[in-house]
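Values in this text are rule-based calculations from the coordinates and carry no lab data. Keep in mind it's a predicted model, so treat the numbers as computed, not measured. FYI the Cβ positions are ideal-geometry reconstructions off the backbone, even for glycines, and counts take in every protein chain you see.
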There are 2 protein chains.
Amino acid sequence: MTDKKQQLIQTALHLFYTKGAGQVGINEIISTSGVAKKTLYAYFASKDDLILACLRERHDVFMAWLCDELEGANDIKSTYFQLFSALDKWFNCQVPSLAQFRGCFFINTAAEFQEYNPDITAYCAYHKNQVKALLNRHLQGGSQHELERLFTLSEGAIVSAFMLKNSDIAKSFLR
Amino acid sequence: MTDKKQQLIQTALHLFYTKGAGQVGINEIISTSGVAKKTLYAYFASKDDLILACLRERHDVFMAWLCDELEGANDIKSTYFQLFSALDKWFNCQVPSLAQFRGCFFINTAAEFQEYNPDITAYCAYHKNQVKALLNRHLQGGSQHELERLFTLSEGAIVSAFMLKNSDIAKSFLR
DNA sequence: ATGTAGGTAGACAGAGTGGTCTACTTAAGA
DNA sequence: TCTTAAGTAGACCACTCTGTCTACCTACAT
């Protein structure tokens, strides 16, 4: 992975996440990153291709963080507690690696692209399934119902925190 | 409210909801509705103004439907049951007035516009607060915690149903 | 009969888009 | 020293977008 390629992904991810992928043009990514347009198109076939790379990057960072936060959780109670403690930190911008909280990058991006680019929405769905699978691994022997409930509640918390600018919503599930 | 104005709102709402507001141009709304561009700009100051009118229209329709579905619910149990029964119908496209399920129009639109137009995101937040207030009226004397939980779970269900194309998710909360 | 309100059709301006291409620069290895 | 790879700057193309404007067309009330 070249220096310039990573530089582009980092810059683009930051801009896409904070403004929405549709609101950010190639030229803005160019000028912000200080990388030439030709170089961008040497590494990425198209803007959509760059968006996909950003989704993958975000997925890796997010999963690494969440894995870490859930470490040691091995039943419904501890998983529930550690999950919402983690979300609370995220919502309150105490996780540098996730950048300033702007909702879920995957939900936001999927909402923007809908049917327009199936690869993008498919990757967003993949991400959510991976999160769900991770939770499942911690709910050792828990019921499918418990998993569904925990996952759905966390999705709702992310959306609510973003839309209602209620960064303390995760706290209300910690008691 | 003129005939043409309503016609524009209905057409635009349909296109915005199914494709995403950013993916739909004025010209598409014009040609689909059969109304002249000049007429559109006689009723709406801008595209954003039209989007706001669509959000208001959707809000009215959605709230009328939800009010109806929750009628008679007067405690946590009945509200919970009636809410997820309603969501299940919505997800499975059994509610003609809400059109084919495409996630929450307000979440999707807020995700697209983020900080770009504060009026739009503010209206999306307003909608969610109205839904929350409606739920609260049915949880007579219920705790704040119960309300938060119910609302958050329903938000999560809407997002999951859309992203994971899992239209039966609401059913898993009905047992 | 004529003026007016409300409409249509569509050309047009101005800005912005993604993406391509040429010409130039730099650094390193043979 | 010469070649090659990687990068820069930015002009440029073809296209799309919102929004404006002119010219024309009814229907109807005075």
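What to note about this one:
- If R0 equals 56 Å, the separation of the Cβ atoms of residue A:85 and residue B:42 corresponds to a calculated FRET efficiency of about 0.55.
- In loop segments of the stretch B:144-175 as defined by DSSP, there are no chymotrypsin sites (Phe, Trp or Tyr not before Pro) with at most 16 further C-beta atoms inside 10 Å of their C-beta.
- Cα gyration tensor category, rounded, prolate or oblate, for the stretch B:109-175 with a/c compared to 1.5: oblate
- Pairwise FRET efficiency - residue A:74 versus residue B:27, Cβ, R0 = 41 Å, nearest 0.05: 0.10
- Within-14-Å neighbourhood charge of residue A:24 [Cβ basis; K, R +1; D, E -1]: -2
- Label spacing, shortest first and in nm, from residue A:144 to its equivalents in the remaining copies (7 angstrom along Cα→Cβ): 3.7
- For the protein assembly as shown, the convex hull drawn through the C-alpha positions has a volume of 142 cubic angstrom per residue.
- Cross-link reach is defined here as a Cα-Cα straight distance under 23 Å, omitting same-chain residues fewer than 8 places apart; for residue B:19 the lysines meeting it are A:19, A:47, A:128, B:4, B:5, B:37, B:47, B:89, B:128, B:165.
- Neighbour net charge for residue B:65 - beta-carbon separation under 14 angstrom, K R +1, D E -1: -4
- Computed [θ] at 222 nm, deg cm²/dmol, the protein assembly as shown (DSSP H ≥ 4; -39,500 (n - 2.57); rounded to nearest 500): -23000 deg cm²/dmol
- Whether the stretch A:3-173 is rounded, prolate or oblate, judged on the alpha carbon gyration tensor where a/c under 1.5 counts as rounded: prolate
- In a DSSP loop and with at most 11 other Cβ atoms within 10 Å, the GluC sites (Glu not before Pro) in the stretch A:67-175 are A:71, A:115.
- Copies compared at residue A:26 - label distances in nm, ascending, label defined 7 Å from Cα in the Cβ direction: 2.6
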